[in-house]
Amino acid sequence: MQTSPLNSKVMFDIKNINGACKRVLIIDDDVDLVNSLKELIQSEGFEVDTASDGNIGMKMQIIKPYNLVVTDIIMPTEDGLEVIMHIKKMFPQTMLMAMSGGGLVHSNDYLLMAKELGASTVLSKPFDIGFFKSEVHRLASR
């Protein structure tokens, strides 16, 4: 059955209202990781968008809020901790997942801060893909 682009958009909005189509935003400056996670989550039936830094991700969240935002902690422009603070303040219903591979401070310190700021799940890179998928399903379904 062919539908016009307008009909597809209307159908998508109705699905989203009914909770059947969940939206996920991945924010990370590692293009390879972002593309891999996007493909993985899309294969699970989610609509997925990506952003290369926190500033872009926040603008996307404001324009079209997501059910789940997955953010790296250490990024240029606006880091993941700032993203978590802003989203929790402006969009308290949006679920958050933080991930970090470290930096100058040990990765666990960043992840602990992310948890304290409102991230429901924190992951240290590299992480188990099976656990990641199950957390995406759990958080995006809230």
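Read-outs: derived from the displayed coordinates by stated rules, not from any lab. It should be emphasised that the depicted structure is a prediction, and the values quoted were computed from it without experimental measurement. Positions of Cβ are generated from backbone atoms using ideal geometry, with glycine treated the same way; all protein chains shown enter the neighbour counts.
For this structure, a couple of remarks:
- Label-reachable residues, the range 69-83, where backbone N falls under 19 Å from a point 7 Å from residue 29's Cα toward its Cβ: 70-83
- For the range 53-142, the alpha carbon positions stretch 32, 30, 20 Å along the principal axes, listed from largest to smallest.
- Cα-based Lys pair tally, the range 20-140, threshold under 22 Å, eight or more apart or on separate chains: 19
- Exposure proxy ranking, count of Cβ atoms within 10 Å, fewest first, for 32, 53: 32, 53
- A Förster radius of 22 Å, combined with the Cβ-Cβ distance separating residue 40 from residue 124, puts the computed FRET efficiency at roughly 0.75.
- Listing 48, 136, 31 from fewest to most neighbouring C-beta atoms within 10 Å gives 31, 48, 136.
- Efficiency of FRET from Cβ geometry, residue 109 and residue 141, R₀ 41 Å, rounded to 0.05: 0.85
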